[in-house]
1. For segment 61-212, report the accessible area per residue in Å² (1.4 Å probe, heavy atoms, rounded to an integer).
2. Ranked highest first by the average count of other Cβ atoms within 10 Å around their residues, in what order do 159-166, 183-190, 69-76 fall?
3. Suppose accessible area is computed on protein heavy atoms with a 1.4 Å probe; arrange Thr173, Thr99 from highest to lowest.
4. Set the Förster distance to 22 Å, then compute FRET efficiency between Trp105 and Glu64 from the Cβ-Cβ distance, nearest 0.05.
5. Which stretch or stretches of segment 105-147 have amide N atoms under 17 Å from the point lying 7 Å from Asp72's Cα along the Cα→Cβ direction?
6. Which percent of the accessible heavy-atom area of segment 107-170 goes to carbon and sulfur, probe 1.4 angstrom?
7. Report the Cα centroid-to-centroid distance between segment 101-175 and segment 60-81 in angstrom, as an integer.
8. Testing the spin-label approximation: label points 7 Å from Cα along Cα→Cβ at Glu145 and Glu205. State their distance in nm.
Amino acid sequence: MFTTPHKGWGRAGLMLGAALASTVLCATASAAAPPTGGGAPSQGATRPANTQRPCPVVYFDLGETLVHTAEDGSTSYLSGAAGYLRALREHHIEVGLITNVPPSWGATDAERAARLRQEVDATWRGPAPFAWRDFGDRILTPRTEAERKPAPALWQRAMAASGHCRLVYQAETAEEVGAAAAQGFVPYQVGRPHRPEFLPVGLVELLGRGVR
């Protein structure tokens with residue numbers, strides 16, 4: 001449990017550092033290891049099926065992480081969010097949302113996600129619409145009030161669907177990044193002073209070289 005923002009980020013930051021160090025070591029060891037089978041892999045060699053899924057996956061909270069709701073009720077991208085999503089897209093890094101919405105918005109994640117999109121689009125302001133297409137079916141929302149964050153259910157559901165991918169979670173509060181870290185996510189608290197607005201794409205790519 002993270003009782004203060006300071007303590008929450010302290011543990012989350014340690015976990016991020018440990019994950020990156022582990023990934024660097026694994027990547028270095030893999031590069032140094034001699035090929036098996038007495039020669040270079042054949043042109044037709046394929047990777048095991050469980051490594052075919054694009055890794056890692058970067059999950060976000062939505063409100064005040066990627067989008068901002070103004071006093072007049074309009075919504076728009078937070079500073080840097082559109083460019084960051086575009087950079088992840090250009091690097092073929094999958095993204096998802098883990099966000100609280102009323103369970104009454106639908107019987108399935110797809111139904112609740114459709115209602116969420118409707119609500120956001122109805123008040124959207126800006127030169128480009130929100131990049132819903134990037135998130136595909138990776139929009140996880142609570143099925144019951146008991147699943148609302150910071151309860152662990154949504155992060156657990158994302159983890160169960162991830163195979164061996166490392167998962168990143170980015171949000172604006174220490175409470176949420178701490179809760180995600182407790183479920184095995186690499187956490188990053190956005191919008192903090194003297195730090196990048198979001199976890200740099202290069203570090204996300206580095207995480208993708210390891211498996212959890």
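The values are calculated or read from the model by the stated rules, or taken from the named source; none is laboratory data. What you see is a predicted model, and the numbers here were worked out from it, not measured in a lab. Here Cβ is always computed from backbone atoms with ideal geometry, including for glycine, and neighbour counts include all displayed protein chains. Quick note on the areas: whole protein, heavy atoms, side chains included, nothing else; ligands and nucleic acids left out. Shrake-Rupley method; radii C 1.70, N 1.55, O 1.52, S 1.80 Å.
1. Averaged over the residues of segment 61-212, the accessible area is 47 Å².
2. Ranked from most to least packed, the peptides come out as 183-190, 159-166, 69-76.
3. So the residues, ranked largest to smallest area, are Thr173, Thr99.
4. Rounded to the nearest 0.05, the efficiency is 0.65.
5. In segment 105-147, the label zone of Asp72 (backbone N under 17 Å from the point 7 Å along Cα→Cβ) covers 121-128.
6. Carbon and sulfur: 54 percent of the exposed surface of segment 107-170.
7. 14 Å
8. Going by the 7 Å Cα→Cβ label model, 4.7 nm.
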